[in-house]
Amino acid sequence: MDPALIQMIVFAAVAVVLLVLLYNVLGKKVGRQPEDRPAPALPGGSEAPNDPGRQDFGLGLDPAAAEGVAQLRSRDPAFDPSRFLDGARHAYETIVRAYAAGDRETLRPLLAAPVMASFEDGITAREASGRSEVVELPHPPRADLDGVEARGDLATARVRFLAEMKSEITHEGVATTEERRTAELWTFERRIGSGDPNWVLARVEEARA
């Protein structure tokens, strides 16, 4: 056989062996591949967007508030943050108008005792000065759930209210009109397992607009 032909056959065989070895190395996955990595966790520790413990009910809750809602719902499955905010918004308007009008009977079942005492002092001082006030809200206030917590049998929910108010103040027969914007945090509370489903206002504090 021609020596040159033998040499070509040997080179071809060597090339085939090298190609097989090269494929075996490069054709295999080396290290962790993207598809091998676990899906990134959502903020707050959720591992899936449909995690029932972290749903925000379309309210855009931050992770801490969503966690609080989940904890409360584990104790009180009937708690619905959307319905709660609707009720809180209505309570806000009722309380603001009742305080301005000095309507103690409307306020009493809506306020915790310390808040009622504070409001009572304000109403009494206004009456002593001979002033009266009527408040209207041109637009429904904005209400955002800022935090929810369950400690023992006490549930608390903090709501951030942004509102525009128009006040007509009468003093010594002279009426003036004032318009203002307010930003406040209202904390509501109720007893878990109580037969009374209503929340009461337990604290009022200023908030940044």
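The values are calculated or read from the model by the stated rules, or taken from the named source; none is laboratory data. What you see is a predicted model, and the numbers here were worked out from it, not measured in a lab. We place every Cβ from the backbone using ideal geometry, glycine too, and count neighbours over all the protein chains shown. Only protein heavy atoms, including side chains, enter the accessible area calculation; ligands, DNA and RNA are left aside. Shrake-Rupley method; radii C 1.70, N 1.55, O 1.52, S 1.80 Å.
For Ala155, state whether it is at pLDDT 95 or above, open to solvent by less than 20 Å² (accessible area, probe 1.4 Å) and part of a strand (DSSP E or B). Break it down stepwise before answering.
Values: at pLDDT 95 or above: yes; open to solvent by less than 20 Å² (accessible area, probe 1.4 Å): yes; part of a strand (DSSP E or B): yes.
Yes; evaluated as a whole, the condition is true for this residue.
Can you name the residue in the range 189-209 that is in a strand (DSSP E or B) and open to solvent by less than 90 Å² (accessible area, probe 1.4 Å) and is also nearest to Pro77 (Cα to Cα) among such residues?
Initially, the range 189-209 is screened for residues in a strand (DSSP E or B), giving 189-191, 200-206.
After this cut, where a residue has to be open to solvent by less than 90 Å² (accessible area, probe 1.4 Å) as well, the list is 189-190, 200-202, 204-205.
Numbers: Glu189: 16, Arg190: 14, Val200: 19, Leu201: 22, Ala202: 23, Val204: 27, Glu205: 29 Å.
Residue satisfying both the conditions and the ranking: Arg190.
Which condition number does Ala78 fail, the rest of (1) open to solvent by less than 80 Å² (accessible area, probe 1.4 Å); (2) of a type in the set (A, V, I, L, M, F, W, C); (3) farther than 22 Å from Thr177 by Cβ being met?
Condition (1) is where Ala78 drops out.
Those residues that are of a type outside the set (Val, Ile, Thr) and either within 18 Å of Thr94 (Cβ to Cβ) or touching a residue at least 40 places away in the same chain (Cβ under 8 Å) (or both), I need them from the range 127-143; list them, please.
Looking only at the range 127-143, we keep the residues that are of a type outside the set (Val, Ile, Thr), and these are 127-133, 136-143.
Listed by number, the residues that qualify are Ser129, Gly130, Arg131, Glu133, Glu136, Leu137, Pro138, His139, Pro140, Pro141, Arg142, Ala143.
Counting just the residues of the range 179-194 that are free of Cβ contacts under 8 Å to residues at least 60 places away in the same chain and within 13 Å of Leu145 (Cα to Cα), which one comes out farthest from the chain's Cα centre (by Cα)?
Going through the range 179-194, the residues free of Cβ contacts under 8 Å to residues at least 60 places away in the same chain turn out to be 179-185, 187, 190-191, 194.
Going one step further and asking which of them are within 13 Å of Leu145 (Cα to Cα), we end up with 184-185, 187.
Details: Glu184: 15, Leu185: 13, Thr187: 13 Å.
Among them, the one singled out is Glu184.
Test each condition in (1) open to solvent by less than 60 Å² (accessible area, probe 1.4 Å); (2) at negative phi for Tyr99 and report the one that comes out false.
The single condition Tyr99 does not satisfy is (1).
When you check Leu111 against the structure, is it under 21 Å from Ser194 (Cβ atoms), open to solvent by less than 20 Å² (accessible area, probe 1.4 Å) and either under 14 Å from the mean Cα position of the chain (by Cα) or among the small types (Gly, Ala, Ser) (or both), yes or no?
Values: under 21 Å from Ser194 (Cβ atoms): yes; open to solvent by less than 20 Å² (accessible area, probe 1.4 Å): yes; either under 14 Å from the mean Cα position of the chain (by Cα) or among the small types (Gly, Ala, Ser) (or both): no.
So Leu111 fails the test.
Please verify whether the range 179-188 includes one or more residues that are open to solvent by 20 Å² or more (accessible area, probe 1.4 Å) and under 18 Å from Pro81 (Cβ atoms). Break it down stepwise before answering.
As a first pass, look at the range 179-188 and keep what is open to solvent by 20 Å² or more (accessible area, probe 1.4 Å): 179-182, 184-185, 187.
Still in the list and also under 18 Å from Pro81 (Cβ atoms): 185, 187.
Yes - at least one qualifying residue is present in the range 179-188.
Go through the range 78-94 and give me each residue that's of a type in the set (A, V, I, L, M) and farther than 12 Å from Val159 by Cβ.
At the first step, the residues of the range 78-94 found to be of a type in the set (A, V, I, L, M) are 78, 85, 88, 91.
Hit for the range 78-94 is Ala78, nothing else.
Give the residues of the range 165-178 that are open to solvent by 60 Å² or more (accessible area, probe 1.4 Å) and either assigned to a strand (DSSP E or B) or within 23 Å of Arg108 (Cβ to Cβ) (or both), sorted by residue number.
Within the range 165-178, Lys166, Glu168, His171, Val174, Ala175, Thr176, Thr177, Glu178 meet the criteria.
Residue check: is Arg54 modelled with pLDDT under 60, touching a helix residue (DSSP H, G or I) at 6+ places or on another chain (Cβ under 8 Å) and surrounded by 14 or more Cβ atoms within 10 Å (Cβ to Cβ)?
Spelling it out, Arg54 is indeed modelled with pLDDT under 60, touching a helix residue (DSSP H, G or I) at 6+ places or on another chain (Cβ under 8 Å) and surrounded by 14 or more Cβ atoms within 10 Å (Cβ to Cβ).
Based on this model, can you work out whether Leu162 counts as at pLDDT 95 or above, in a strand (DSSP E or B) and either of a type outside the set (Gly, Ala, Ser) or surrounded by fewer than 19 Cβ atoms within 10 Å (Cβ to Cβ) (or both)?
Yes; evaluated as a whole, the condition is true for this residue.
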